[in-house]
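J.: Right, I'll just put the structure down here and ask away after.
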Amino acid sequence: MLKIIRSAGLVTALLITLASAVVPQLALGQNQPSAPGAAPTAPAAAPAATAPAPAAGAQRATEVVDNPYGLQALWAGGDMVARITLAILVIMSIGSWYVIVTKVYEQAKMGAQARAAEKSFWTAPSVRQGTEGLKAGSPYRFIAESGLEAAGKHTGLLGNVDLNTWVTMSIQRAIDNVQSRTQDGLAFLATVGSTAPFVGLFGTVWGIYHALTAIGIAGQASIDKVAGPVGEALIMTALGLAVAVPAVLGYNWLIRRNKNAMDMVRGFGADLHAVLLSGPKAAAAAPARG
């Protein structure tokens, strides 16, 4: 009987030992990921249920939010002073670009006329024939006609003036007239370049004043109530600079091109003066005007 009890105790001890060794291993196996070839277990299905979440996040990231501020809001919400200021800036910009484009065209046309005069005028048998060969409206033809008229009308009281002095004065007067025409519109560019930033600054100050007044009346000083109206007002300063910069650059560029064109005109006038004072050419030109 004692042996049986001892055997039963040994068996019980062995079972307890085996249980204590097997149970931790089973628990560890449940926590480890399954093998690549094994079928997915039930808890692995949980991430699949939450798969659509990134798509919703991506959709929210691409959502477009309308900007309640900008030029349209500035025009719609601005008073009469703000609208007039904006209209003045627009007129200044349109006028500046019109002057720049037209002056570039006129200068290119004047350059073509200079090349034509250099090619045909000096090869003519007389000053009159060379003048008639120039295109009507050309500044070179205008200068040549002024020189011919001065050489042909050196009579009466004008006869008391030296011929050299009289012809020089007539040609110089014609050159000054041409130079005055080439400077048309440049004063507008200079005015826009110097005043447009201040017009834009005036619009900004006026807009900020009304924005702060409206905020004070509403009694709300949060960042969304302040940043929007003040940002709209600052657009006026940006527009003023956008109008002034092209005007200033265009003015300096056109001045440089006018200088090159007038150098060619003055050279033509000096050569014409020398030809008109020469004996044969002046004699051939003077009777034709008599």
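Only the coordinates and a few stated rules stand behind these numbers; no lab work does. Small disclaimer: the values here were computed from a predicted structure and weren't measured. FYI the Cβ positions are ideal-geometry reconstructions off the backbone, even for glycines, and counts take in every protein chain you see.
J.: Simple spin-label model, 7 Å along Cα-to-Cβ: Asn177 to Ser278 in nm?
T.: About 2.5 nm, to one decimal.
J.: What number comes out for the charge environment of Val99, summing +1 per Lys or Arg and -1 per Asp or Glu over other residues with Cβ under 14 Å away?
T.: Every neighbour counted, the sum reads +1.
J.: What is the packing order of peptides 242-251, 85-94, taking the mean over residues of other C-beta atoms within 10 Å and listing the highest first?
T.: 242-251, 85-94
J.: Report the percentage of all Cα-Cα pairs in the range 155-196 whose separation exceeds 15 Å, rounded to a whole percent.
T.: Tail of P(r) above 15 Å: 62 percent of Cα pairs.
J.: Right, here's the next one. Report the net charge of residues surrounding Leu249, where surrounding means a beta-carbon distance below 15 angstrom and charges are Lys +1, Arg +1, Asp -1, Glu -1.
T.: +3
J.: Run through the range 96-191 and list the GluC sites (Glu not before Pro) located in a DSSP loop whose Cβ has at most 11 other Cβ atoms within 10 Å.
T.: Counting only loop positions with at most 11 other Cβ atoms within 10 Å, none of the GluC sites (Glu not before Pro) in the range 96-191 qualifies.
J.: Count charges around Asp184 for me, please; just the other residues with Cβ under 9 Å from its Cβ, Lys/Arg as +1, Asp/Glu as -1.
T.: Charge balance in the 9 Å sphere: +1.
J.: Which pairs, out of Lys153/Lys259; Lys103/Lys135; Lys119/Lys153, put more than 25 Å between their alpha-carbon atoms?
T.: Lys153/Lys259; Lys119/Lys153
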